[in-house]
Amino acid sequence: MKLFSHLFLFIILFGCIFVNIIWGKKSIARDVKHAQEGEINKKTEALLSRLTLREKIGQMVQVNGQNGQIPDEFRTAILNGSIGSILNEVDVKTLNDIQRIAVEESRLGIPIIFARDVIHGFKTIFPIPLGLAATWNPELVEAGSRVAATEAATYGIRWTFAPMVDITRDPRWGRIAECLGEDPYLTSTLGAAMVRGFQGDDLSAPGSIAACAKHFAAYGAAEGGRDYNTASVPGNELRDVYLKPFKACVDAGAATLMAAFNEINGVPATGNKFLLNDVLRGEWGFKGFVVSDWSSVTQLITHGFSENEKEAACAAVKAGTDMEMASTTYQTYIEELVKEGRINEEDINQSVRRILTLKYQLGLFDNPYTEPAAFPAVLNDNHKALAKKAAIQSVVLLQNNKYILPLSKDIQKVAVIGSLADAPHDQLGTWIFDGHKKNSITPLQAITEFLGPSKVVFAKGLEISRTRDTKGFQQAVDAANVSDAILLFLGEESILSGESHCRADIGLPGAQQQLVETLAATGKPVVAIILAGRPLTIGSILEKVDAVLYAWHPGTMAGPAISDLIFGVEAPSGKLPVTFPLAVGQIPIYYSHKNTGKPATKESWQKMYDIPVEAFQLSIGNTSHYLDAGFEPLFPFGFGLSYTTFEYKNIKISAGQIKMNETVDISTEIKNTGQFTGEEVVQLYVRDLFADRTRPVRELKGFQRVRLEPGEQKTVTFTLGAKDLSFYNRKMQQVTEPGKFFVWIGGNSNADLKTEFEIIK
Ligand code: BGC
């Protein structure tokens with residue numbers, strides 16, 4: 001007994017010491033941070049007080065680099081303090097020369113902040129962001145962003161225009177490739193991870209760069225999936241869906257935000273005081289600065305919002321756009337507007353204060369120059385290993401009939417068919433300014449290396465993804481006929497997605513469908529590997545092929561990642577971050593839709609070809625569906641298979657009822673019931689049954705990636721509190737209402753293991 005009480009005392013004592021150490025460390029870190037902030041504020045104020053109005057305006061100006069040149073006019077502008085930031089200059093010598101003029105020759109020596117779109121890697125290219133989202137792995141995404149930041153910083157880039165956290169439910173939109181999918185929770189989690197990766201704990205540390213959450217806001221809600229188009233989103237929906245990831249990035253410490261090109265409910269984002277001032281600063285307490293998008297200030301005129309450039313500058317400044325990218329209305333008109341009393345100089349001070357603060361936080365005043373040798377080599381083995389890991393986890397296995405995959409390493413011969421099997425540029429994906437195809441390892445190279453050249457026969461079939469001429473088919477058929485399996489690379493080139501590269505038909509371009517049919521007719525097993533910047537409507541090939549690996553655009557290490565998956569060195573574990581439509585006409589189609597008053601079911605779906613001739617038309621029994629395309633997507637959000645199988649059972653809940661201030665634990669057992677070691681992304685969905693404003697049929701509220709050996713079982717637990725269940729009601733208040741909630745846990749958004757609980761007052 002005595003022994004036990006001693007042990008008990010010891011545990012308590014040890015616990016107290018441990019808590020104190022942790023707590024003490026945290027509070028010391030907090031104190032240091034406060035002291036640093038205080039110091040930076042002092043320096044900022046002292047510097048600000050010395051700036052002339054023209055110099056202040058200069059800080060609010062961002063211009064494009066001059067391709068490694070410093071023409072006289074450019075030099076003069078830097079010397080006069082008329083430029084605060086430069087984007088797209090990555091020649092280190094030029095960049096240091098520019099910095100030298102700013103720091104050593106201009107009157108006040110304020111350093112320039114160099115910016116760049118570092119979207120999914122710098123030199124080492126990671127999967128496109130939509131592919132990164134398919135990993136559902138925040139730690140990996142954070143580590144990948146750190147690699148990108150380190151490589152960018154090596155070249156003097158200290159500010160990236162990422163993460164892009166625009167929610168979209170429209171795969172026609174080309175920029176879906178750059179975003180993290182359709183879901184606010186997944187996007188918030190991964191967007192915040194990217195911010196942490198880019199910025200680290202300390203912005204002034206080597207390898208840290210400032211993040212920019214973009215495009216604020218609702219850019220992904222563009223009408224018809226046409227880029228730059230109108231977004232009309234009710235205020236409460238705007239907050240529940242589109243603003244949520246931005247709030248998460250702000251909470252993660254994002255240094256900057258970018259105002260979007262589009263208008264929202266009639267007001268372009270760049271001139272939108274409600275968004276940039278009232279919500280972002282007023283409600284969220286954002287302390288960083290906002291940059292416009294490329295010439296989005298002058299586009300206020302095109303939108304029909306401002307009459308001319310002067311009015312556009314006035315509207316943008318007053319709304320809270322601190323820095324103007326590319327267009328030049330700030331340089332030209334702000335001074336006049338201040339003198340006329342239309343803009344208050346204190347508002348200009350506020351913008352400049354924010355910009356200078358970031359320059360201090362980045363340590364640019366102390367270390368303005370870049371010394372590449374001080375950084376690890378770009379494209380080093382560690383960076384490439386991480387890019388490969390991200391590519392592996394991003395690939396989603398959509399179909400695997402009769403477990404045809406993985407292929408045996410002892411296979412005698414494979415036919416590798418399709419131009420995308422050996423497209424070192426296209427595998428990198430969209431928006432890769434600094435990535436280069438010479439560093440890519442293609443699937444063809446990796447498969448040949450893995451099996452040996454004598455076992456691989458390659459034919460393009462089609463010259464590029466858009467080729468309509470079928471003259472290469474015979475060579476592909478010949479290759480198939482001498483092989484034991486066909487590895488058929490399909491999809492779209494990288495240029496078919498990305499900014500303004502929207503498509504009205506998102507099927508396989510060119511004669512790819514015919515190529516699939518021709519090769520299927522050989523009777524050989526066909527494994528389709530699809531490289532694309534968006535979900536494609538691939539329903540019509542599913543019955544022709546045996547397996548489908550959806551690989552997005554996987555980046556530099558596409559080849560080794562895909563080869564490892566095909567031959568079972570690794571098992572697929574990616575999950576769809578976006579719903580795959582059956583047909584374009586179903587768009588928008590997403591898992592967290594509303595129930596409607598007449599929801600469709602399998603039984604209620606009236607199929608077009610089953611309708612009798614001259615049938616009498618009634619409303620009774622009708623539901624919300626298409627006669628020709630039903631109501632279900634091709635693949636649901638969250639979906640993805642592996643080479644093994646997972647069994648979910650015994651969902652448990654810690655309480656049937658909780659109070660508003662309590663939490664509830666929901667757990668499930670998950671077992672690997674197959675032959676392969678595998679990773680599964682366990683997902684938790686919730687439905688709030690009745691509310692002041694109707695709630696979606698399901699909402700993702702948690703996920704965890706678990707690794708299981710064959711036969712291994714684990715218990716996965718999620719905790720939910722009232723805040724996780726909140727939404728904006730009709731009065732625009734963020735509330736959690738008492739009432740009943742359903743909860744599902746499983747491997748995709750159709751999970752059927754279910755429990756429920758109630759929140760009571
Ligand atoms: C894009 C932004 C990008 C900027 C700078 C614009 O066209 O919309 O996302 O950061 O260009 O390259």
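The values are calculated or read from the model by the stated rules, or taken from the named source; none is laboratory data. Since we're looking at a predicted model, the values are computed, not measured. Heads up, the Cβs are rebuilt from the backbone with ideal geometry, glycines too, and the neighbour counts pull from every protein chain shown. Heavy atoms of the whole protein, side chains included, go into the accessibility calculation; ligands, DNA and RNA do not. Shrake-Rupley method; radii C 1.70, N 1.55, O 1.52, S 1.80 Å.
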Options Ala143, Ala177, Ala162; residue that is in contact (Cβ under 8 Å) with a residue 24 or more places away in the chain, open to solvent by less than 10 Å² (accessible area, probe 1.4 Å) and outside any loop (DSSP other than H, G, I, E, B): Ala177
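Only one of these is out of contact with any strand residue (DSSP E or B) (no Cβ under 7 Å at 6 or more places or on another chain) and in a loop (DSSP other than H, G, I, E, B): Phe637, Phe690. Name it.
Working: Phe690 fails: out of contact with any strand residue (DSSP E or B) (no Cβ under 7 Å at 6 or more places or on another chain).
Selected residue: Phe637, the only one of Phe637, Phe690 that is out of contact with any strand residue (DSSP E or B) (no Cβ under 7 Å at 6 or more places or on another chain) and in a loop (DSSP other than H, G, I, E, B).
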Test: residue in the range 52-66 that is open to solvent by 40 Å² or more (accessible area, probe 1.4 Å), touching an Asp or Glu at 6+ places or on another chain (Cβ under 8 Å), among the aliphatic types (A, V, I, L, M) and more than 16 Å from the ligand (Cβ to nearest atom): no
Boolean, Asp665 is touching an Asp or Glu at 6+ places or on another chain (Cβ under 9 Å) and closer than 25 Å to Asp183 by Cα: no
Which listed residue is in contact (Cβ under 8 Å) with a residue 60 or more places away in the chain, assigned to a helix (DSSP H, G or I) and hydrophobic (A, V, I, L, M, F, W, C), from Ala248, Ala193: Ala248
Boolean, Ala373 is closer than 27 Å to Ile113 by Cβ, of a type in the set (A, V, I, L, M) and surrounded by fewer than 17 Cβ atoms within 10 Å (Cβ to Cβ): yes
Subset of the range 316-353 (residues that are out of contact with any strand residue (DSSP E or B) (no Cβ under 9 Å at 6 or more places or on another chain) and within 16 Å of the ligand (Cβ to nearest atom)): Ser327
Residues located in the range 114-140, provided they are over 14 Å from the mean Cα position of the chain (by Cα) and open to solvent by less than 10 Å² (accessible area, probe 1.4 Å): Phe114, Ala115, Phe122, Thr124, Ile125
Residue satisfying all of: in the range 84-113; crowded, with 17+ Cβ neighbours inside 10 Å and within 16 Å of the ligand (Cβ to nearest atom); nearest to the chain's Cα centre (by Cα) among these: Leu87
Selection status of Glu151, surrounded by 24 or more Cβ atoms within 10 Å (Cβ to Cβ) and within 16 Å of the ligand (Cβ to nearest atom): no
Residue list for the range 566-598, filter: open to solvent by 50 Å² or more (accessible area, probe 1.4 Å), of a type outside the set (Asp, Glu) and in a loop (DSSP other than H, G, I, E, B): Val569, Leu582, Pro588, Tyr590, His593, Lys594, Asn595, Thr596, Gly597, Lys598
Some residue of the range 204-217 being assigned to a loop (DSSP other than H, G, I, E, B), under 22 Å from Arg172 (Cα atoms) and in contact with a strand residue (DSSP E or B) (Cβ under 6 Å, 6 or more places away or on another chain): no
Any hit, the range 433-444, residues being within 16 Å of the ligand (Cβ to nearest atom), open to solvent by 30 Å² or more (accessible area, probe 1.4 Å) and either under 21 Å from Gly568 (Cβ atoms) or in contact with a strand residue (DSSP E or B) (Cβ under 7 Å, 6 or more places away or on another chain) (or both): yes
Enumeration of residues in the range 537-565 that are free of Cβ contacts under 8 Å to residues at least 60 places away in the same chain and open to solvent by less than 20 Å² (accessible area, probe 1.4 Å): Ile541
Search result, residues across the range 281-339 that are part of a loop (DSSP other than H, G, I, E, B) and open to solvent by less than 20 Å² (accessible area, probe 1.4 Å): Phe286, Gly288, Ser292, Asp293, Ser296, Val297, Ser306, Gly320, Thr321, Asp322, Ser327
Residues (without any contact (Cβ under 8 Å) to a residue 60 or more places away in the chain, within 27 Å of the chain's Cα centre (by Cα) and open to solvent by 30 Å² or more (accessible area, probe 1.4 Å)) located in the range 662-697: Arg687
